[in-house]
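A short worksheet on the structure shown next.
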Amino acid sequence: MDAPEPSLRDVQRWIGAHIQPETTVSTAGDVRLNPQRNIPGISRLSVYAHGYQARLRQALAEVYESVHQVLGTGAFSELVDSYARRFPSRDYNLNFSGRHLPEFLVNSLWVQRLPFLADLAQLEWQVCQAFHAISYPPITPASLHGQSFEDWHRVRFIFQPSVSLVRSAWPILDIWEVRHRPRSEVNIDLVERPHNVVVSRSELQVRCQLVNLPQAILLEALLAGQTLDETCERLSGDCGENLPPIYEWFFQWTQQGWIVRWEQTHVDSS
């Protein structure tokens with residue numbers, strides 16, 4: 001009795017297993033690939049496997065330009081191959097295939113040699129995300145006027161999806177900014193130079209800028225959904241009685257279009 005013909009789903013899984021690394025081979029039964037010019041079908045399929053890896057390396061190199069520049073092409077290819085085995089892509093769009101690279105790097109051998117690499121990758125991923133993020137109409141600086149102190153402290157601010165903060169013990173912005181220069185020309189002092197980098201986008205231009213530690217603490221908490229009151233309590237613990245110029249920061253953020261709206265939180269009157 002002849003074996004049943006494999007289903008289309010089984011054939012797709014079988015082909016995927018021969019193209020993507022570390023994928024479990026599906027038992028698709030008797031899958032027959034026609035030979036061409038005396039080349040067996042399974043041999044021709046391997047061309048797509050190599051092509052997939054090459055395209056994956058290219059896609060990640062486009063997102064992680066600075067990581068690629070720091071490591072060099074050979075080491076970067078090894079990194080991508082190792083990453084693909086740990087996080088095989090399930091996306092139709094290769095632009096999203098590198099989303100786990102910062103996480104992958106945290107405990108990797110590459111970070112043991114280059115301790116700033118995971119933070120640098122996180123910055124580059126946020127830059128990529130900011131470029132593709134939806135943009136909403138921002139509030140205006142004038143809308144900040146007329147708000148009472150109590151109103152301000154009970155609100156939760158909603159930021160543009162493109163706005164994020166990356167905090168690092170290393171000068172990751174300096175490293176990122178020289179990503180297009182030859183490695184032989186790069187000489188950056190890494191010692192005791194922490195960077196707090198805000199990523200944002202204005203129209204089609206992604207911007208990365210440094211902020212000081214109090215501003216980073218404030219932004220980090222607000223981006224996480226805390227109210228201004230909750231954030232100020234944290235700032236007072238870190239800064240003591242010398243509270244920073246929060247109102248001036250908010251005015252700058254609204255000028256740059258970072259804030260979309262605010263939401264008044266409910267007060268428990270019991």
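Some points to look at:
- Order of HIS100, HIS68 - criterion: other Cβ atoms within 10 Å of each residue's Cβ, fewest first: HIS100, HIS68
- Least to most buried among LEU109, LEU79 (fewest other Cβ within 10 Å first): LEU109, LEU79
- Among HIS195, HIS132, sorting on how many other beta-carbon atoms sit within 10 Å of each Cβ, with the fewest leading, yields HIS132, HIS195.
A short reminder: the numbers here are calculations on the coordinates, not readings from a lab. The structure presented is a predicted model; accordingly, all values stated were derived computationally and were not measured. Here the Cβ is made from the backbone with ideal geometry for all residues, glycine too, and neighbour counts use every protein chain on show.
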